[in-house]
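Below: one structure, written as structure tokens.
The values are calculated or read from the model by the stated rules, or taken from the named source; none is laboratory data. Keep in mind that this is a model prediction, so the values were computed, not measured. Cβ sites come from the backbone with ideal geometry, for glycine too, and all protein chains shown count toward neighbours.
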Amino acid sequence: MSAHGRRVALALTIATLGLGALAAVGLPAFYESFLYLIFSWIALATSWAILSGYAGYFSFGHGAFFGAGMYTTATLTTALGMPFLLTLIAAGVLAGLLGLGIGAVVFRVRRLRGELFGLLTLAITFVLATIVLNTRIDGGPGVYLSAVPMPRLLASPTGTLYLLGLLLAVLTVGAAFAIAQSRLGLGLYAIHDDEDVAEVQGVPTLAYKLMAFTLSAGIAGIAGGIHAMYVSYVTVGETFSITVPLYVVLMSVLGGARHWLGPAVGAAIIGASLYAFTGGQQAVLGRAAVAFALILVILLLPEGVVPAVIGRWRRHARAASPPTVVDIAHAAGGGRALTPAGAPAALECHDVWKAFGGIQALRGVSLAIGPGEIVGLVGPNGSGKTTLINVVSGHYEADRGRIALGTETLSGRRAHEIAGLGVSRTYQIPRPFAHFTALDNVALAATFGAGHRSAREARTEAQGWLEFTGLARRASAFPHELNLHERKFLELARALAARPRVILLDEVLSGLNPAEITSAIRLVREIHEQGVAILFVEHLMRAVLELSHRIVVLNEGEVIAEGDPRDVMRAQRVVDVYLGRSHVVA
Amino acid sequence: MPSATLLGQSIVSGLLAGGLYSLLALGLSLSWGLLRLVNLTHFALALLGAYLTYQLGHVFHVAPWLAAAAIVPAFFLIGVALHAVFAYFRVAEFASLLVTFGLAVILESLIQWFWTADYRRYETAYATMSIRVGPLFIPTLEMLACLTAVVLAFATWAWLRFTYVGKALRASAEDPAMAAAFGVNHRAQAFLLSGVSAAYAGIAGTYIALIATLAPSQIWTWLGVVFAVVIIGGLANPIGALLAGLLIGVSESVTMAVVTPAWAPLVSFSVLILILILRPGRV
Amino acid sequence: MAVRTFGRRSVLSAIFLFSFATTAWAAPSGQPIRIGGTLALTGGLAPTALLHKIAGEIFVEELNKGNGLLGRPVEWVLLDDQSKPDLTRSLYEKLITVDKVDLIIGPYATSGILAAMGVAQRYNKVYVHHSFGMPHLAKYEMHFPTASFGPEPQKSIPTTVFESLAATSKPPKSVAIVTSKFPSAQYQSSGAKEIAEKRGLKVALYLEYEFGTRDWGSLAARVKDANPDLVWIGALGLDGNQLLEAMKKLDYTPPRHFHLFPAPGPLAVAPDGKNALSVTVFEEHPPFTNNPGAAKLIPLFHDRAVKANVPYPHVETQVAGSWAAWQVLEAAVTATKSLDDKAMAQWLRKNRVDTVIGKLRFDGPNNYGDDLFKVKQVQDGKWVVVWPREFTAPGARLLPP
């Protein structure tokens, strides 16, 4: 555990013990129940953010899991007489499984992101509410839990609920922190910025999303289970109202949804503000005043309270001491030889087909790249070059055909597995993770690429690759602060950090000026010298001829020529294709 | 098995209920899709429009269409003013949810301050009128609301599709930097759009006053279903919002007629979930 | 029999008033007695809670104009529970453990009342409440309801309604029951179905719809399709108005329509509300207005409600029930001369309390007494009680379709 981690764990433990002791001493019951409600909101908002804040899968259905938990506890305690604490486990498991089940179906559909995911989760809430309302789970009259015995963790029932709420809130915030520091968190953040790239860089996106969703839903379920006992009268109207899904979003946004502590802070602020004006005379205008205060806060701190405070504090700290970024870069990269992945291997594509709707993008493409070979892939626009890269890297699945790397079959595997076997790629238009620094962008590839590494190793190695590509001085810059040339090189650094055996380069030179092209070509050579095989898609013939050992020409999804660069480019068919005489058919 | 008349009548009723959903969804869809603002204030504005219509009609005896004639330009200005705030603070998509939620709560409080929390009902002579077509009855007001939704949806579609302003807005939504490079003055058009969206809320409000019962907390009753309509229809797609509203309305009302009313949300939203999962491209 | 009861009540209340008058000289003095409670001043339940707020304010002011309670002034610590049961619970905890109020009075509506009942139970507080719809759930021995449904409203209320209709010249033969899935409404309406069947009425249609439904046209079409002699609308607020309007648009007016918990004003004044039936414990006409408390309440409430911009400024079930709750609390304090919850509860369980809605007793199952609900009907734009006969408005009778 890092020093930061230990500090946070200590702080959470002290907070738990302190708040726990407070209850043991005997607070007036109101404070217990007031704080319980805030703890409950903290758990709900934080659990929501684990999926929706970290991974950006904006869920409008947190009420469904909360409600599932409430009704699990309500049903099990009343109909089956199960002890309350035991039902909490069931509530968590059931809600978690519900999340897992929904995720297992929904996360496979690539288009169900953004607002469509929000819609889907909202719809699921409606459906669940309707089922509960019209079946024996509730049926309409509500479930009343007054006769359910309350375990005596503390002397008073309110104290017990307070303690349960406290534990759940602390565990949830602790989990959110641990995830934020872990591979899972890193992967989720990457999914938030660009899910397809994350997958291609080796992040097991489906598994990670499922883990996050299950945990998020499970915690909401436990919170619901406790809350059923708290309100003691569970009705569909209250349980599945718009309040829970709306408030968890508002709280997370207010506190900062991408920070582990943000939702908790937002929940505390909004939760407490509900009590700000409960006095009978000023209730209506008081509500307006609270709303106005919320508006002011978010207008002044648009990225959320916690990130804003931390940012301000950091700026303050930075102003006090000179930047050290460059030094770190030298220390990390200096003297350490960077090595690509293990044994060189050949990449083979055999009879690969791919269609999109009615358009046949690849028609039985076969090609091979020997270990340590540079193969240039050329062809007119729309000939299927990028599609081939997408199919090899696993972004698309081939309709037919076999792709292999050495003895491993690639076709049929998920993109992150393919990345793990040592295939990495760059994008023609660089697709860095927008909220990651240059260093973190490369570190992510080092973490998830072939040869999994710990976070610290990955960062050290990432520094090395930044140096290798000449970006060391830009390590702490965010992608939008980099120019195109730097972003292209960042793509290369990422691809290399994954320790590939084969790199698929998609038009790395396009858009660069002549001086930049020269340095890029040199860089590709250096990469090759390390024993990596390269598939080189490029329009710039000078570079193709200079770098490639062999050339493959694609046209309309078919390989029309292959061989020595100069011979191939002189072949009549290739010339015809390039001059646009597409009537020439084999 | 329900009679053909019952089935037909329920389809009519669903279409008309759906028309009102669409009317509410239209403005929301525009500001979400083109300005990236998830505008919860829209619901509060619609209800404010309804209360104003009630006040003008019930207390001052101003005919609803005259009320609408006053409300629509006033709301346009409110929309412009709102956008001035959003633009000045550069409110992002996420933050807009919070800001507009706060504004909606403030409006709700103001409505309750002026009109109390008690129910208000605007009784009009034409509230119960309807047109008879064969065995079916088509309620006049709801039909007008639905027709208004249709007209506005197509007008908005044409506006976005064929005018310079519309094209510029769509271009800016897709790539603000590129549109700016081509000299598209996104900011001026955003004000226009925000005004139009608020004006739509005013129109919806007038119909709500005539058709429904008013209570301040009703701001939130429309939220779920209208959100669904906006997203099913596709952001910034007026025709989509129209069709989505009608679809949800009809599927709910047919379930109400054929099975049992309480199961209605299950059917319409299960259909929605299936569409989303099986044919995500269609949405 | 019932007439005699009433007579006794008048005598009793006269005695009560007399004893009151003799002590009601001096203005109250000393530490105020603080009575804590919440109401849904904002949120979905606010429309009706507003009426309870006005009633409570008037009651406390009147108390303080007199001799207060036990000679001490009374302060009502009213909080806004925002229509949220979870908040309601914690606010009652605040009232009891932080504000340390002397007495509590219940919030508005079933969910909130249940949420606070647990709190009252943990702190052994006498808990008088005025708007609870599901008697079988109220298990606390020191709760005292003034929504006087009796212990089994799902049986007694439909029985009263069907009996009243059976006594008319055209008794209905079939009934369509359309009910909201709001817990108390659904509970009593499902009882209505059983009672109707037991009484030999044909239940032509039984529909439950989601509370907060927006499409009334389909419901209306189904009722029209069933064409019953009576529609039982188990609805809250203005649902009934909406359904009637939707039916009117289909060129259909049900011969009779009964509304379980309607917002009284709009139904009385709406043209579609003609001959609408409902149940009530109080209307502004004799014999109810013969009660001296009622005579005082009506003009006060009217004034205050008009000032507060309430569209229907009349005393009926909600307001009278609220007033009665305060009367019960006052009676218990006055009779036991103490603020001791146990003593008050004991007294309440043994004695009858005279209130504007009648004589309440709390010695039945779950502390419920008699079902005091009567049948009322909209006649000439006003609600009048039409059943049972001894409570009917002067000259009124249940009008047949």
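Considering only residues that are in a loop (DSSP other than H, G, I, E, B) and closer than 30 Å to residue B:227 by Cβ, look in the range A:66-110 and name the one that is farthest from the other protein chains (Cβ to nearest Cβ).
A:107
Filter the range C:165-210 down to residues that are out of contact with any strand residue (DSSP E or B) (no Cβ under 8 Å at 6 or more places or on another chain), away from chain B (no Cβ under 14 Å) and either free of Cβ contacts under 8 Å to residues at least 40 places away in the same chain or not hydrophobic (A, V, I, L, M, F, W, C) (or both), then give me how many there are.
Within the range C:165-210, residues that are out of contact with any strand residue (DSSP E or B) (no Cβ under 8 Å at 6 or more places or on another chain), away from chain B (no Cβ under 14 Å) and either free of Cβ contacts under 8 Å to residues at least 40 places away in the same chain or not hydrophobic (A, V, I, L, M, F, W, C) (or both) number 11.
What helices (runs of 4 or more DSSP H) completely inside the range A:194-282 contain at least 3 residues that are within 14 Å of chain C (Cβ to nearest Cβ) and in contact (Cβ under 8 Å) with a residue 12 or more places away in the chain?
A:205-231, A:243-255, A:262-273
Can you give me the number of residues within the range B:122-143 that are under 21 Å from the mean Cα position of the chain (by Cα) and among the acidic types (Asp, Glu)?
1
Filter the range C:304-350 down to the residues that are of a type in the set (Val, Ile, Thr), within 14 Å of another protein chain (Cβ to nearest Cβ) and in contact (Cβ under 8 Å) with a residue 12 or more places away in the chain and list them by number.
C:310, C:319
Evaluate the following for residue B:91: is it more than 14 Å from the chain's Cα centre (by Cα), at pLDDT 90 or above and of a type in the set (Val, Ile, Thr)?
Against the criterion (more than 14 Å from the chain's Cα centre (by Cα), at pLDDT 90 or above and of a type in the set (Val, Ile, Thr)), residue B:91 does not qualify.
Yes or no, residue by residue, for (1) within 14 Å of chain B (Cβ to nearest Cβ); (2) assigned to a helix (DSSP H, G or I); (3) touching a helix residue (DSSP H, G or I) at 6+ places or on another chain (Cβ under 9 Å):
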residue	(1), (2), (3)
C:233	yes, no, yes
C:257	no, no, yes
C:265	yes, yes, no
C:279	no, no, yes
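Taking the range A:111-138 on its own, how many of its residues are part of a loop (DSSP other than H, G, I, E, B) and either modelled with pLDDT of 85 or more or within 8 Å of chain B (Cβ to nearest Cβ) (or both)?
Number of matching residues: 6.
Within the bounds of the range C:352-372, is there any residue that is over 18 Å from the mean Cα position of the chain (by Cα) and at positive phi?
No, the range C:352-372 contains no residue that is over 18 Å from the mean Cα position of the chain (by Cα) and at positive phi.
Among what's in the range B:171-226 and is within 12 Å of the chain's Cα centre (by Cα) and hydroxyl-bearing (Ser, Thr, Tyr), pick the residue that is nearest to the other protein chains (Cβ to nearest Cβ).
Among residues in the range B:171-226 that are within 12 Å of the chain's Cα centre (by Cα) and hydroxyl-bearing (Ser, Thr, Tyr), the one nearest to the other protein chains (Cβ to nearest Cβ) is B:207.
Give the residues of the range B:76-118 that are buried (at least 22 other Cβ atoms within 10 Å of the Cβ), outside any helix (DSSP H, G or I) and not aliphatic (A, V, I, L, M), sorted by residue number.
Scanning the range B:76-118 gives a single hit, B:118.
Could we say that residue A:35 is within 16 Å of residue A:92 (Cβ to Cβ) and not charged (D, E, K, R) here?
no
State whether the residues of the range A:525-539 include one that is surrounded by fewer than 17 Cβ atoms within 10 Å (Cβ to Cβ), small (Gly, Ala, Ser), in contact (Cβ under 8 Å) with a residue 60 or more places away in the chain and touching a helix residue (DSSP H, G or I) at 6+ places or on another chain (Cβ under 9 Å).
Within the range A:525-539, not a single residue is surrounded by fewer than 17 Cβ atoms within 10 Å (Cβ to Cβ), small (Gly, Ala, Ser), in contact (Cβ under 8 Å) with a residue 60 or more places away in the chain and touching a helix residue (DSSP H, G or I) at 6+ places or on another chain (Cβ under 9 Å).
Just to be sure, is residue C:363 modelled with pLDDT under 95, within 30 Å of residue C:100 (Cα to Cα) and not in a loop (DSSP other than H, G, I, E, B)?
No.
Name the helices (runs of 4 or more DSSP H) wholly within the range A:355-465 that hold at least 3 residues that are in contact with an Asp or Glu (Cβ under 6 Å, 6 or more places away or on another chain)?
Values: elements: A:385-392, A:415-421, A:438-448.
Hits in the range A:355-465: A:415-421.
Output the number of residues of the range A:489-508 satisfying the condition of being over 12 Å from residue A:524 (Cα atoms) and not acidic (Asp, Glu).
Of the residues in the range A:489-508, 8 are over 12 Å from residue A:524 (Cα atoms) and not acidic (Asp, Glu).
Exactly one condition in (1) in contact (Cβ under 8 Å) with a residue 24 or more places away in the chain; (2) within 7 Å of another protein chain (Cβ to nearest Cβ); (3) of a type in the set (A, V, I, L, M) is not met by residue B:273; state its number.
Tallying (1) in contact (Cβ under 8 Å) with a residue 24 or more places away in the chain; (2) within 7 Å of another protein chain (Cβ to nearest Cβ); (3) of a type in the set (A, V, I, L, M), residue B:273 fails exactly one: (1).
What are the residues in the range C:244-255 that are part of a helix (DSSP H, G or I) and in contact with a strand residue (DSSP E or B) (Cβ under 6 Å, 6 or more places away or on another chain), if any?
C:249
Given (1) within 25 Å of residue A:575 (Cβ to Cβ); (2) in contact with a Cys (Cβ under 9 Å, 6 or more places away or on another chain); (3) among the hydroxyl-bearing types (Ser, Thr, Tyr), identify the lone condition not met by residue A:386.
Here residue A:386 meets the rest and fails (2).
Grab the strands (runs of 3 or more DSSP E) fully contained in the range C:125-223, keeping just those with 2 or more residues being within 25 Å of residue B:17 (Cα to Cα), in the same structural domain as residue C:275 (by TED's automatic domain parsing) and more than 16 Å from the chain's Cα centre (by Cα).
By residue number, C:174-180, C:202-209.
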